[in-house]
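The block underneath contains the structure these notes are about, expressed in structure tokens.
Each reported figure results from applying straightforward, stated rules to the coordinates on display, with no laboratory input. Here the structure is a predicted model, which means the values were calculated and not measured. Here the Cβ positions follow ideal geometry from the backbone for every residue, glycine too, while neighbour counts run over all protein chains shown.
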Amino acid sequence: MSSGVKPMNVLAKLRNSRVKIRLKNNAEYSGVIVSCDTYMNLLLDDAEEYRDGEPKVNYGRIFIRGSNILYISFEA
Amino acid sequence: MSSGVKPMNVLAKLRNSRVKIRLKNNAEYSGVIVSCDTYMNLLLDDAEEYRDGEPKVNYGRIFIRGSNILYISFEA
Amino acid sequence: MSSGVKPMNVLAKLRNSRVKIRLKNNAEYSGVIVSCDTYMNLLLDDAEEYRDGEPKVNYGRIFIRGSNILYISFEA
Amino acid sequence: MSSGVKPMNVLAKLRNSRVKIRLKNNAEYSGVIVSCDTYMNLLLDDAEEYRDGEPKVNYGRIFIRGSNILYISFEA
Amino acid sequence: MSSGVKPMNVLAKLRNSRVKIRLKNNAEYSGVIVSCDTYMNLLLDDAEEYRDGEPKVNYGRIFIRGSNILYISFEA
Amino acid sequence: MSSGVKPMNVLAKLRNSRVKIRLKNNAEYSGVIVSCDTYMNLLLDDAEEYRDGEPKVNYGRIFIRGSNILYISFEA
Amino acid sequence: MSSGVKPMNVLAKLRNSRVKIRLKNNAEYSGVIVSCDTYMNLLLDDAEEYRDGEPKVNYGRIFIRGSNILYISFEA
């Protein structure tokens, strides 16, 4: 909680972890991070789109453009 | 799933693969990637526009400006 | 389909070809490309604005600011 | 039509010509170009604002910020 | 009308002149330019906010962030 | 009124002055400037949020991201 | 109140402090800052999403993209 590790470095360590992502258009996605880069572009596996909190669409692999991300939540 | 290949490199390898693309205006497109660049600009062949999940408009070839892309989904 | 020519280079080769362009405000235009640049700014001749798929307004020549372009469709 | 003169250079040659400009907020203006720069900032004389295709407001001189421009139409 | 002085230079010469400014949120302001910079940031004196063409709110001095400006109109 | 001091320099001199700020989402804030930087980021003390011209929410200290600012008004 | 410490430096000192954050989509979050960077990206612990002033969703850890932040409020 007080480690002070830079946010982008924490993101880089989330590989293979399941995260939830909200985009600027308020759509929400869940998936396992395959990789990310310094633009916050994300490659997710086993991705699902949520609507009103319920999973609705399953994707194989999904590439999310980092500039559209509002936030990424995950287990600490 | 744990290869850690950078997202843009994965995108570059999708040439000749069919992908689905959602843009910031929430329009959805399907097509075969002819080429892409580091701005995420995409050239698609055999492109279709989807509305409410149904293909509606067929395009020959389509050039999509990368800055408008929300995400790209594809088979792993 | 598998040439891998970069998207912007393909765009540069469309001079004298008729294309359809959709802008971020969802307006649609058709015209013959006179020239383009690396910002995707386009100069079109014999341009028409479409509404609901029908041509509505004729322009002489039109300069389109590249940053507003969603996509450009054309015959392969 | 096939000169290939870069779009910005064509714009620079429109000094003293009357053009129509549509901005991102969909407002439309007509005026005579006094000068422009590489950001597409425009100085117009004898400018009018159009609403629903009709001239509504007259301005003396108007400075338009280039980043808001959708397109500029003019006689070839 | 044909001087070709660059738009930003014309703006810099408007010090002590009254201008009208429209922002991206379509609000309109009138004021006397105290100073401006290359980002189009403006410092205005004796500023008024207009609604539906009528002055509504008086400000002492107002600093307007240039990136929000649609256009600036003024007497030639 | 004719000093010509650059807008950002005027902003820097407003430390300890009470200002009103309008953001791009049209929310309005009042507060005393603690400090600012060249991105127009502001730290305000004794900040209040206004709705329909009335103070509604009191904040201790508030950090406002400069890129969201429409304008800052203050006593000359 | 008159220290003049730059806004970003004040933000950097808020580690382990609870803050409230409003994003451009007007969503509001509360959480304890784990770390931040110069893009204003924030890592929050014990994060909650607020709707109409009431906590609604609990997150473990949340990464907020700095470019979406309107403001951050906190105890002085």
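Things to note:
- Average beta-carbon neighbours from other chains, 10 Å sphere, peptide E:5-11: 6
- For the peptide D:15-25, the mean number of other protein chain Cβ atoms found within 10 angstrom of a residue's Cβ is 4.
- Only the Cβ atoms of Lys and Arg (+1) and of Asp and Glu (-1) were treated as charged; on that basis the dipole of the protein assembly as shown about its Cα centre amounts to roughly 1440 debye.
- Dipole magnitude for chain A: about 260 debye, using +1 per Lys or Arg Cβ and -1 per Asp or Glu Cβ, origin at the Cα centre.
- Looking at region G:7-47, the trypsin sites (Lys or Arg not before Pro) that sit in a DSSP loop and have at most 13 other Cβ atoms within 10 Å of their own Cβ are G:K13.
- Checking the cross-link pairs A:K20/G:K20; A:K56/B:K6; D:K56/E:K20 against a 19 Å limit on the alpha carbon distance flags A:K20/G:K20; A:K56/B:K6 as lying beyond it.
- Listed by chain and number, the aspartates and glutamates placed with their C-alpha closer than 13 angstrom to that of G:K13 are G:D37, G:E75; residues fewer than eight positions away on the same chain are left out.
- Relative contact order %, chain A, counting alpha carbon pairs below 8 Å whose residues are six or more apart: 29
- Prolate/oblate/rounded call for the protein assembly as shown, Cα gyration tensor, a/c under 1.5 rounded: oblate
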